[in-house]
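Worksheet for the structure shown next.
Nothing in this text is a laboratory measurement; each read-out follows from the coordinates by a stated rule. Keep in mind the model is a prediction, meaning the values are calculated, not measured. Counting neighbours? That spans all protein chains shown, and the Cβs are built from the backbone with ideal geometry, glycine included.
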Amino acid sequence: MVAGGRAASIPRRDRRAERREATRAEILVAAWGLVHERGLAELSLRDLGERVGMRAQSLYSYFESKHAIYDAMFEEGNRELLRRMEAARDSGADAEDRFRRAASTMIDFALEDPERSQLLFLRSLPGFQPSPAAYEPAVQVLQIARDGLAELGVTRPELLDLWTASVSGLTQQQLADEPGGHRWRKLLDDLIDMYLAFARPPAPRKRGTR
């Protein structure tokens, strides 16, 4: 009891909604498992239903289509990337250190799960277009890269495009030619050095020097 003899107001839990979200999460875990075993394009609703103990038709109670499952997976993957990128951004000693940490975080995230990278970065599923809500974390990830470059004095939009294309190229070369290896991953520091030498504006000349 609280003061005045009135019972404390305790918000009622929506157990049905909690069960629904738990089932959706279980379906996504199973979907990732199948994708890792068989490939991104080989996700089967029948196999997915069997894995979670329901008929394929019952999946439509939780996701309206197979693309809706991909959409939820897309959002989940990008939210995890955003979480890691925010941690990298907040842990650097200075602007360049933060930029290098973010780049390492990005490429390591992409290399650790090729199927997830295919979904997030390659748009290889015919007809699949992520929803605005699912795409929003990816927009925030790009903003972290934009802010990191701005801290280094790099603000031209085309230089952001050059940076993202360079990291993407290095990542895809590693995934395509030596999955699980380090041949291209170990070139990241050299890539950053070359990029910053080209993109970063020169330091202002001190007065009285030639």
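Summary of values
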{"read-out": "Ranked by how many other beta carbons lie within 10 Å on average, peptides 37-45, 62-70, 17-25 from highest", "value": "62-70, 37-45, 17-25"}
{"read-out": "Rh by Kirkwood over Cα pairs, then Stokes-Einstein D for the chain at 0.890 mPa s and 25 °C, µm²/s", "value": "122 µm²/s"}
{"read-out": "Kirkwood Rh, Cα atoms: Rg over Rh of region 44-163", "value": "1.08"}
{"read-out": "Whether region 125-209 is rounded, prolate or oblate, judged on the alpha carbon gyration tensor where a/c under 1.5 counts as rounded", "value": "oblate"}
{"read-out": "Segments 154-161, 176-183 sorted - mean Cβ within 10 Å per residue, highest first", "value": "154-161, 176-183"}
{"read-out": "Around ARG83: net Lys/Arg minus Asp/Glu count, Cβ-Cβ under 12 Å", "value": "-1"}
{"read-out": "Packing rank of 85-96, 122-133, 137-148, where each peptide gets the mean count of other beta carbons within 10 Å, highest leading", "value": "137-148, 85-96, 122-133"}
{"read-out": "Three-way shape call for region 15-63 based on the alpha-carbon gyration tensor, with the a/c threshold at 1.5", "value": "prolate"}
